[in-house]
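Structure first, then comments.
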Amino acid sequence: MASVTSTPAAPTERPSAVTARDLARATATRQRRGSRFKIWAGSVCTALVVLPVALANLLPLPDANAQDLAERRLPPLSAGHLLGTDQLGRDLLSRILHGGQVSLSVGVLAVLVSGLIGIVAGSAAGFFGGWVDALVSRFLEAQLALPC
């Protein structure tokens, strides 16, 4: 008898309903959603630090330099002193917030001045080109070669 060999039919694979375009769109959406969350989280954390420092003069805090030797070295959460007092009886929270104003001012001023210098130097290099561009580029490379 002749043997008829029949091979079992291979299951046909159905093409996926998800296309490369769908995957790209999903990835972009996920990245966009993640970046929005990071921006919001960073903004909230920054606001929690910057707002109290910026509004330190408006908050009902004791004077940062007022001394009261009767209230020396109070622990945190004492009456009227959220972070306690130092060895001269000065309120620590008030001193931190008022000192933060100086630090915040210096930081903002440094960003503004360095940005202004960068804009002027970059504009001059782009506008004039040639030796001005080479000079600005060498100054930038020298600055980048210095450790922080």
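The values are calculated or read from the model by the stated rules, or taken from the named source; none is laboratory data. Just so we're clear, the structure is a prediction, and the values are computed from it rather than from any experiment. Backbone-built Cβ (ideal geometry, glycine too); neighbour counts: all protein chains shown.
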Q: Out of Ser105, Ser94, Ser114, report the one residue that is of a type in the set (Ser, Thr, Tyr), outside any loop (DSSP other than H, G, I, E, B) and more than 30 Å from Glu141 (Cα to Cα).
A: Ser94
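Do you know which of the residues in region 53-81 that are among the acidic types (Asp, Glu) and assigned to a loop (DSSP other than H, G, I, E, B) is surrounded by the most Cβ atoms within 10 Å (Cβ to Cβ)?
Residue satisfying both the conditions and the ranking: Asp68.
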Q | Exclusive hit being without any contact (Cβ under 8 Å) to a residue 40 or more places away in the chain, surrounded by 12 or more Cβ atoms within 10 Å (Cβ to Cβ) and touching a Pro at 6+ places or on another chain (Cβ under 6 Å), set Gly84, Gly89 | A | Gly84
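Every residue, every condition in (1) in contact with a Pro (Cβ under 7 Å, 6 or more places away or on another chain); (2) surrounded by 11 or more Cβ atoms within 10 Å (Cβ to Cβ); (3) within 22 Å of Val50 (Cβ to Cβ); (4) modelled with pLDDT of 95 or more, yes or no:
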site: Leu93; (1), (2), (3), (4): no, yes, yes, yes
site: Val111; (1), (2), (3), (4): no, no, yes, yes
site: Ser123; (1), (2), (3), (4): no, yes, no, yes
site: Gly126; (1), (2), (3), (4): no, yes, no, yes
site: Gly130; (1), (2), (3), (4): no, no, no, yes
Q. Hey, among the residues in region 56-73 that are touching a residue at least 12 places away in the same chain (Cβ under 8 Å) and among the hydrophobic types (A, V, I, L, M, F, W, C), which one's nearest to Val102 (Cα to Cα)?
A. Ala56
